[in-house]
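This report refers to the structure that appears directly beneath it.
Each reported figure results from applying straightforward, stated rules to the coordinates on display, with no laboratory input. Values in this document were obtained by computation on a predicted structure and should not be read as measured data. Heads up, the Cβs are rebuilt from the backbone with ideal geometry, glycines too, and the neighbour counts pull from every protein chain shown.
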Amino acid sequence: MKIEYHDGEVIELGFDDRLHSYRIEDELITSVTQTMDVISKPGLIPWALKEGVEWLSSHLFYDSERDNYHTKSVGIDFITKGIKGAYRNTSTSAINIGTVTHAWVEGGYKVET
């Protein structure tokens with residue numbers, strides 16, 4: 001795919017299916033994901049904790065007779081695995097949206113070339 005910059009420079013951007021990476025001539029281009037991996041993300045731990053709390057809240061049931069919460073006897077293993085893995089459900093959903101969006105954008109570029 002040819003990309004023309006505002007100053008008139010034109011480059012040929014290619015996609016290497018085997019490496020799942022873009023290239024300009026023989027040079028691999030660093031992906032956004034690779035670039036973002038080196039940046040500190042201090043909000044991730046609080047976000048993951050929030051996801052676990054929300055998961056737990058959705059799996060607790062209030063017993064008005066005893067004035068307490070319970071889990072309908074699902075067991076502590078179910079609860080701990082659910083809390084620990086809650087962020088993965090949201091993360092996987094976001095990854096899937098990104099994959100579909102990427103394919104859609106890439107499809108648009110391929111039509112133009």
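Side notes on the structure shown:
- Stretching the chain fully between TRP47 and THR92 yields a gain of 14.8 nm (0.36 nm per residue, less the alpha carbon separation).
- Close amide-amide hydrogen proximity is noted between TYR22 and ASP16, ILE29, each under 5 Å apart and 5 or more residues distant or on a separate chain (H modeled in the peptide plane; Pro and chain starts excluded).
- Extending 7 Å from Cα along the Cβ direction at GLU54 and again at THR101 yields two label points whose distance is 1.7 nm.
- Each of ALA94, LEU28, PHE78 was scored by the projection of its Cα onto the charge dipole of the chain, and the greatest displacement toward the positive side belongs to PHE78; charges sit on the C-beta of Lys, Arg, Asp and Glu.
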